[in-house]
Amino acid sequence: MDVDRFLNAIQYDRDYRGQIVHVHRIPQKEAEFGTLREALHPLVQVALEAQGIERLYVHQVEAVEGIRRGEHVIVVTPTASGKTLCYHLPILEQVAQDSRLKAFFLYPTKALAQDQLRGLLRFKELSPNLRFEAGTYDGDTPTATRTKLRDKANFILTNPDMLHSGILPNHARWGEFFTNLKYVVVDEVHTYRGIFGSNVANVLRRLN
């Protein structure tokens, strides 16, 4: 989108004229790149480079290094700043070394989980030797697929509600998954309040 053209169009549009009070321009910032102390696993690096990503931003490097050290990490940066790679990269390189590794990715909506799944599977497409199973586990997931994901998947993309109603009450069936569960990612951290907020907090306590 040509932003200047769009602004000019609405500024001089008869239906919008006089409604724009102020236009504030934020100058662009030069990207700051970092270097990992230890290179990514070759299988992950291949897929990353195939997507045209040759360098990582400073916040991505810091997040990857923190996760490698086993720290709890939270990333708060602007939209489209590559937050997803902050957890995809260290988790993928771990599963490349240990195929038993499991992870939960929790998203606020089913649509976001589907979108993120496509990005995750992209690594598998670009680096065929990077083997893992992943899928969305939500209200739209067929029963047969749920069973397959529970028994075979490394990564399950779900939401707090499904974790509360469909997974934790059946934890005995999830024995192998929980035994090898190493990472829990909460994508899209918001300030949850009221009954919904306390419910999400308690669901995460139960999971822990």
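The values are calculated or read from the model by the stated rules, or taken from the named source; none is laboratory data. Just so you know, these numbers come straight off a predicted model, no measurement behind them. FYI the Cβ positions are ideal-geometry reconstructions off the backbone, even for glycines, and counts take in every protein chain you see. SASA here: full protein model, heavy atoms, side chains in, ligands and nucleic acids out. Shrake-Rupley method; radii C 1.70, N 1.55, O 1.52, S 1.80 Å.
Probe 1.4 Å, all protein chains in place: accessible area of residue 62 in Å², nearest 10?
120 Å²
Specify the residue with the greatest mean-square fluctuation among 12, 137, 192, computed from a Gaussian network of the chain linking alpha-carbon atoms under 10 Å apart.
12
What residue among 155, 196, 178 has the largest mean-square fluctuation in a Gaussian network model of the chain, using Cα springs under 10 Å?
The residue that fluctuates most here is 196.
If you roll a 1.4 angstrom probe over the protein chains with everything in place, what fraction of the accessible area of region 96-142 belongs to carbon and sulfur, to the nearest %?
45 percent
Antiparallel versus total DSSP beta bridges in the chain: what percent is that, nearest 5?
If we restrict to bridges inside the chain, about 15 percent are antiparallel.
Compute the angle between helix 83-97 and the longest alpha-carbon principal axis of the chain, please, reported from 0 to 90 degrees and rounded to the nearest 10.
For 83-97 against the chain, the angle is about 30 degrees.
Among [x] 1.05; [y] 0.94; [z] 0.99, only one was calculated for this model; which label is it, if the read-out is Rg/Rh (Cα atoms, Kirkwood Rh)?
Computed from the coordinates, Rg/Rh (Cα atoms, Kirkwood Rh) corresponds to [x].
If you place +1 on the Cβ of every Lys and Arg and -1 on the Cβ of every Asp and Glu, how big does the dipole about the Cα centre of the chain come out, in debye to the nearest 20? It would help to have the intermediate numbers written out before the result.
Numbers: 26 positive and 24 negative charges, 120 e Å.
Result for the chain is approximately 580 debye, rounded to the nearest 20.
With the other protein chains left in place, how much accessible area per residue, in square angstrom, belongs to region 1-148 at a 1.4 angstrom probe?
Values: 10030 Å² over 148 residues.
The answer is 68 Å² per residue.
Using a 1.4 Å probe and ignoring any ligands, DNA or RNA, find the accessible area of residue 99 and quote it in Å² to the nearest 10.
Spelled out: residue 99, probe radius 1.4 Å, area about 90 Å².
In nm, what is the difference between 0.36 nm times the number of residues separating residue 12 and residue 121 and their Cα-Cα distance? Mind showing how you got there, number by number?
Values: separation 109, 0.36 × 109 = 39.24 nm, distance 4.49 nm.
My answer for the length gained is 34.7 nm.
Between 30, 125, 49, where does the largest GNM mean-square fluctuation fall for the chain, given springs only between Cα atoms within less than 10 Å?
Highest fluctuation among the options: 30.
Treat every Asp and Glu Cβ in region 74-147 as -1 and every Lys and Arg Cβ as +1, leave all other atoms uncharged, and give the resulting dipole magnitude about the Cα centre to the nearest 20 debye. Kindly include the intermediate steps, with their values, before the conclusion.
Details: 9 positive and 7 negative charges, 8 e Å.
Using Cβ point charges on Lys, Arg, Asp and Glu, region 74-147 gives about 40 debye.
Based on alpha-carbon centroids, what's the gap between region 150-202 and region 1-35 in Å, whole number please?
40 Å
Working out 0.36 nm times the residue gap between residue 179 and residue 111, then minus their Cα-Cα distance, what length gain in nm do you get to one decimal?
Working: separation 68, 0.36 × 68 = 24.48 nm, distance 2.84 nm.
Working it through step by step, the gained length comes to 21.6 nm.
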